[in-house]
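The values are calculated or read from the model by the stated rules, or taken from the named source; none is laboratory data. Quick caveat: nothing in here was measured; it's all calculated off a predicted structure. In this analysis, Cβ positions are derived from the backbone assuming ideal geometry, glycine residues included, and neighbour counts consider all displayed protein chains. When the accessible area is computed, the model is the full protein with side chains, heavy atoms only, and any ligands, DNA or RNA have been set aside. Shrake-Rupley method; radii C 1.70, N 1.55, O 1.52, S 1.80 Å.
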Amino acid sequence: AALLPRYSTVVEAPEDYHVFFRTYAALKDVDSAEATFRKMGASAQPIMLNLLLLICVNIKQPERALKWLREAHRIETPEARIVDVVSYNTVIRGFGAQPEQVLLLARAMVVAGVEPDDITL
């Protein structure tokens, strides 16, 4: 993690940021993951969002994950989707003990045009 600031000076493509999010996930460093995701904006990729959501769920903050799911929907474009089925499944897992929230998320998923998979069901 100590090398990430130095590495960021040579990062050229958005996909180069995967290592940042994987490191943040290993460290459960949600604040750094959020800051990097915010910096990426619409150039963020689904894996980056999904790792951010996973961190939120792993630290028992599903509401925080839901906030980022909504933010990702807000900034994505039809040509560059950020939210995918893994995103929803991750947040749904975080709300596993709250069936009402799970149902709302499943509905929102369908409305957003994200196809549920076997994990969702």
Checklist entry - For the range 38-75, which residues satisfy the criterion of being of a type in the set (Gly, Ala, Ser), part of a helix (DSSP H, G or I) and either open to solvent by less than 50 Å² (accessible area, probe 1.4 Å) or out of contact with any helix residue (DSSP H, G or I) (no Cβ under 7 Å at 6 or more places or on another chain) (or both)? => result Gly41, Ala65, Ala72
Next on the checklist: Suppose we filter Arg107, Arg81 for residues that are surrounded by fewer than 18 Cβ atoms within 10 Å (Cβ to Cβ) and either among the hydroxyl-bearing types (Ser, Thr, Tyr) or closer than 28 Å to Ser32 by Cβ (or both); which single one remains?
Outcome noted: Arg81
Checklist entry - Which residues, taken from the range 14-34, are open to solvent by less than 20 Å² (accessible area, probe 1.4 Å) and over 16 Å from Val57 (Cβ atoms)? => result Phe20
Checklist outcome for this item: By residue number, the members of the range 84-100 that are in contact with a Pro (Cβ under 9 Å, 6 or more places away or on another chain), open to solvent by 40 Å² or more (accessible area, probe 1.4 Å) and either part of a helix (DSSP H, G or I) or of a type in the set (A, V, I, L, M) (or both) are Val86, Arg93
